[in-house]
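Before any comments, here is the structure.
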Amino acid sequence: MNKLGVALQLAAAMGAALVMTSQGVRAADYELGGVPVKEAQSPWQVRLRGLGVITRDSDRVDGVAGSDLSYSDTVIPELDISYFFTDNIAAELILGTTYANVDGEGSLASLGQVGKTWILPPTLTLQYHFNDFGAFKPYVGAGVNYTIFYNQDGRAADDLDIENSFGAALQVGFDYMIDDNWGWNVDVKKIFLRPDFDVTVGGNRLHGKADLDPWLIGTGITYRF
């Protein structure tokens with residue numbers, strides 16, 4: 001083969017290499033020292049879940065024997081965003097809003113529906129993920145919740161005021177990854193939430209503490225970028 005032919009072959013080989021480079025060959029598509037190299041995943045992950053909010057319903061109204069208020073359980077859509085600092089350590093922020101009907105119980109049962117409130121409970125947890133079980137990836141977490149009660153509306157009550165409150169959060173769950181990006185998630189959180197409240201009934205201003213302590217039980221899809 002003459003020098004021109006060799007030069008053309010070298011040029012063609014170099015051109016092919018440049019095309020492959022410009023297309024961004026994935027690290028998982030080549031080997032380093034005979035060992036496949038996997039492309040690093042993005043630290044960001046999102047989940048979309050259906051979430052059941054189940055409250056404890058054990059309120060204490062000061063000075064009214066046998067009194068109680070109950071809060072309706074709800075099912076809502078919920079979005080969470082996670083950031084992985086390492087393969088095992090992540091932070092998760094959940095976002096969602098729901099409403100609750102507030103009903104009289106015990107000695108307040110005759111009041112029926114006392115009022116209604118919307119609830120915004122952003123919760124931030126720090127998680128530890130176990131990555132030794134293949135596609136099954138369990139995790140545990142703990143963190144803090146800040147619940148905002150808004151658009152509060154008294155019904156049988158002349159006025160209803162549930163105060164915004166901080167609470168601790170515990171979490172356990174798992175992702176079952178179908179591939180590198182998509183998975184199925186099951187998640188359970190316990191929020192220790194006990195806000196103060198004031199309610200006015202028949203001109204009487206009453207104060208108490210709502211022992212809500214809700215369970216947040218959800219399932220949905222996971223996407224890892």
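Filter region 97-127 for residues that are more than 26 Å from VAL64 (Cβ to Cβ) and over 31 Å from the mean Cα position of the chain (by Cα) and give the result.
None - no residue of region 97-127 is more than 26 Å from VAL64 (Cβ to Cβ) and over 31 Å from the mean Cα position of the chain (by Cα), so the list stays empty.
Anything in region 154-179 that is assigned to a loop (DSSP other than H, G, I, E, B) and within 14 Å of PRO121 (Cα to Cα)? List them, or say none. Steps first, answer last, please.
If we filter region 154-179 for residues that are assigned to a loop (DSSP other than H, G, I, E, B), which is where we start, we get 155-158, 163-164, 178-179.
If the condition is that a residue be assigned to a loop (DSSP other than H, G, I, E, B) and within 14 Å of PRO121 (Cα to Cα), then GLU163, ASN164 are the ones that fit.
Residue by residue, here is whether (1) assigned to a strand (DSSP E or B); (2) outside the structural domain of LEU170 (by TED's automatic domain parsing); (3) within 22 Å of ASP198 (Cβ to Cβ) holds:
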residue	(1), (2), (3)
VAL114	yes, no, yes
THR125	yes, no, no
ASN131	no, no, no
LYS137	yes, no, no
ASN145	yes, no, yes
PHE149	yes, no, yes
GLN152	yes, no, yes
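Do we find that SER70 is touching a Gly at 6+ places or on another chain (Cβ under 9 Å) and free of Cβ contacts under 8 Å to residues at least 24 places away in the same chain in this structure? Talk me through it step by step, then tell me what you get.
On the way: touching a Gly at 6+ places or on another chain (Cβ under 9 Å): yes; free of Cβ contacts under 8 Å to residues at least 24 places away in the same chain: no.
No: the conditions fail for SER70.
If you take the residues in region 154-170 that are loosely packed, with under 15 Cβ neighbours inside 10 Å and farther than 21 Å from LEU95 by Cβ, which one is modelled with the lowest pLDDT?
In the first step, residues of region 154-170 are kept if they are loosely packed, with under 15 Cβ neighbours inside 10 Å; the result is 158-159, 163-164, 166, 168, 170.
Those still in the list that are farther than 21 Å from LEU95 by Cβ too: 158-159, 163.
On the way: ASP158: 84, ASP159: 89, GLU163: 96.
That would be ASP158.
Could you look through region 171-185, keep only residues that are acidic (Asp, Glu) and touching a strand residue (DSSP E or B) at 6+ places or on another chain (Cβ under 9 Å), and pick out the one that is nearest to ALA90 (Cα to Cα)? First the steps, then the outcome.
At the first step, the residues of region 171-185 found to be acidic (Asp, Glu) are 175, 179-180.
From the residues that got through so far, the ones that are touching a strand residue (DSSP E or B) at 6+ places or on another chain (Cβ under 9 Å) too are 175, 180.
Details: ASP175: 13, ASP180: 17 Å.
Out of the qualifying residues, it is ASP175.
Answer yes or no as to whether PHE166 is more than 17 Å from GLY52 (Cα to Cα), assigned by TED's automatic domain parsing to the domain that holds LEU69 and without any contact (Cβ under 8 Å) to a residue 24 or more places away in the chain.
Working: more than 17 Å from GLY52 (Cα to Cα): yes; assigned by TED's automatic domain parsing to the domain that holds LEU69: yes; without any contact (Cβ under 8 Å) to a residue 24 or more places away in the chain: yes.
In short, yes.
The values are calculated or read from the model by the stated rules, or taken from the named source; none is laboratory data. What you are looking at is a predicted structure, and each value in this text was computed from that prediction instead of being measured. Neighbour counts are summed over all protein chains in view; Cβ atoms, including those assigned to glycine, are modelled from backbone coordinates with ideal geometry.
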